[in-house]
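Chemist: Shown below is the structure under consideration.
The values are calculated or read from the model by the stated rules, or taken from the named source; none is laboratory data. Here the structure is a predicted model, which means the values were calculated and not measured. Cβ: placed from backbone, ideal geometry, glycine included. Neighbour counts: every protein chain shown. Keep in mind that these areas ignore ligands, DNA and RNA; they rest on the heavy atoms of the full protein, side chains included. Shrake-Rupley method; radii C 1.70, N 1.55, O 1.52, S 1.80 Å.
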Amino acid sequence: LCVSSFSKAWAMTGFRVGWLVHPPGMADLVGNLIELNYSCVPPFLQDAATAALEDGEAFVDNMTAYCREGRDVVVDAFATMPRITDFTTPEASFYAFFRIAGQPDSL
């Protein structure tokens, strides 16, 4: 099974549009599941998803570069802060996990 959405890569969070690839033998089961849980994706969102698939790779590349620049700003700033420890530069995420020296390991 492959399940994915348009949320992050195409900046379509909140649209709740995605896709599922499954073996042909699961078509009826998946159809029943989807019918009960998800239906009626508005046509304008379907059109947006279609446009993303057909013409959206340049957008994804630009968004990836934009996020990478933001990550680099944070990484550079953390490098100047001696109390930031146990930080590893994320390779494929915009989340930063780190410790602050002298602080308990809890929220």
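Chemist: Have a look at GLY18, VAL41, PRO104 and report the one farthest towards the positive end of the charge dipole of the chain, computed about the Cα centre with Cβ charges (Lys/Arg +1, Asp/Glu -1).
Modeler: Farthest towards the positive end: PRO104.
Chemist: Tell me the mean residue ellipticity at 222 nm calculated for the chain from its helices only (DSSP H runs of n ≥ 4, each -39500 (n - 2.57), averaged over every residue, nearest 500).
Modeler: Mean residue ellipticity, 222 nm, calculated: -14500 deg cm²/dmol.
Chemist: Separate question: Show me 42-51, 6-15 ranked by packing, highest mean number of other Cβ atoms within 10 Å first.
Modeler: Numbers: 42-51: 12.6, 6-15: 15.1.
Packing order, densest peptide first, comes out as 6-15, 42-51.
Chemist: Please list, in chain and number order, the residues 5+ apart from ILE84 or on another chain whose amide H is under 5 Å from its amide H, with Hs placed from the backbone.
Modeler: ALA101
Chemist: In cubic angstrom, how much convex hull volume per residue do the alpha carbon atoms of the stretch 1-100 span?
Modeler: Numbers: hull volume 14.4 nm³, N = 100.
Here the figure is 144 Å³ per residue.
Chemist: Taking 0.36 nm per intervening residue step and subtracting the Cα-Cα distance, what contour gain separates VAL21 from ASP47 on full extension?
Modeler: 7.4 nm
Chemist: I'd like the carbon and sulfur percentage of the solvent accessible area for the chain, probe radius 1.4 Å, heavy atoms only, ligands and nucleic acids excluded.
Modeler: Whole-percent figure for carbon plus sulfur exposure: 60.
Chemist: If you count only protein heavy atoms with a 1.4 Å probe, what accessible area per residue comes out for the chain, rounded to a whole Å²?
Modeler: For the chain, the per-residue accessible area is 80 Å².
Chemist: I would also like to ask the following. Taking the Cα centre of the chain as origin, sum charge times position over the Cβ atoms of Lys and Arg (+1) and Asp and Glu (-1), and report the length of that vector in debye to the nearest 20.
Modeler: Values: 6 positive and 13 negative charges, 85 e Å.
Charge dipole, the chain, about its Cα centre: 400 debye, nearest 20.
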